[in-house]
Amino acid sequence: MFLFDGPEQAAMTVLLAHGAGAPMDSLSMTAAARALAEAGFRVARFEFDYMAGRRSGGRPPPPRAEKLNPQYLAAVDTLGATGPLFIGGKSMGGRVASMVADALFAQGRICGLLCLGYPFHPPGKPEQLRTAHLADLRTPTLIVQGTRDEFGTREEVAAYRLSPQIEMLWLEDGDHDLKPRKRVSGFLAADHLGTMAEMASAWAGRCCSPAEHPSRGRGP
């Protein structure tokens, strides 16, 4: 099952998966999806199977992220987007998408990867990096990160070896949900979501441009 936002005939579609502990219709996912829809995307959200228990009051722990790769690929197949497709997600959802992106990109099935709050490491455990596969990533990627995200701050990420295909958009004082503290930053959450969506739209347009990537297919 998918949740859709944005016009059915949008030029580009983005498929988003949720984070480890929050569902696809969480406040942060819904706000991000609506912002992207307002920027012109057709946004599709889906849930991994382990979240089914939440509907009966349970809160099952997520499996290891790599075990969710087949479910993400199945979601791409089921969605059946007919135009330029981007994949990604919030936190763990973006991490899973990043692990399947290169295979899909090589097949010409996606144009890029959009990660909202990438979990570079567990909170308080900066030595447990989740970046090995990002060093050689071939898929055009935009990671949107708050500067005070406890899963990877600007100072920490600056020291990581990341693929040149990865672009970083830093949102001042944003947390893991990209939310800033108004009294500190002067920004509202809506400001940051608007910036995220505007930049994502511009970036996606470049990814779809034959002049930028003349040898790549334009999606399924």
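The values are calculated or read from the model by the stated rules, or taken from the named source; none is laboratory data. These numbers were taken from a predicted model, which means no experiment stands behind them. A quick note on method: Cβ atoms are made from the backbone with ideal geometry, for glycine too, and the neighbour counts reach across all protein chains shown.
Residue-level analysis places A20 among those that are in contact with a Pro (Cβ under 9 Å, 6 or more places away or on another chain), buried (at least 16 other Cβ atoms within 10 Å of the Cβ), small (G, A, S) and assigned to a loop (DSSP other than H, G, I, E, B).
Within segment 28-41, the presence of at least one residue that is within 19 Å of H192 (Cβ to Cβ) and among the polar types (S, T, N, Q) is confirmed. Return a yes/no flag: does segment 6-24 have any residue that is over 24 Å from C208 (Cα atoms), modelled with pLDDT under 95 and not small (G, A, S). Checked against the condition, which is being over 24 Å from C208 (Cα atoms), modelled with pLDDT under 95 and not small (G, A, S), segment 6-24 yields at least one hit. Note on segment 155-188: residues that are surrounded by 14 or more Cβ atoms within 10 Å (Cβ to Cβ), modelled with pLDDT under 95 and part of a helix (DSSP H, G or I) amount to 1. May I ask you to list the residues in segment 85-111 that are of a type in the set (S, T, Y) and in a helix (DSSP H, G or I)? Matches in segment 85-111: S98 only. When segment 139-154 is filtered for residues that are of a type outside the set (S, T, N, Q) and either closer than 18 Å to D102 by Cα or not in a strand (DSSP E or B) (or both), the ones remaining, listed by number, are P140, L142, I143, R148, D149, E150, F151, G152, R154. The requirement of being assigned to a loop (DSSP other than H, G, I, E, B) and crowded, with 18+ Cβ neighbours inside 10 Å is fulfilled somewhere in segment 76-84, by at least one residue.
Check whether at least one residue in segment 133-147 is at pLDDT below 95 and either among the hydroxyl-bearing types (S, T, Y) or surrounded by fewer than 16 Cβ atoms within 10 Å (Cβ to Cβ) (or both), and report yes or no. The answer is no; no qualifying residue exists. The sole residue among T195, T131 that is among the β-branched types (V, I, T) and closer than 24 Å to L27 by Cβ is T195. Taking residues in segment 16-27 that are closer than 19 Å to F120 by Cβ, and partners anywhere that are assigned to a loop (DSSP other than H, G, I, E, B) and hydroxyl-bearing (S, T, Y), the pairs with Cβ atoms closer than 9 Å and at least 6 places apart or on different chains are H18/S26; H18/S91; G19/S26; G19/S91; A20/S91; G21/S91; A22/S91.
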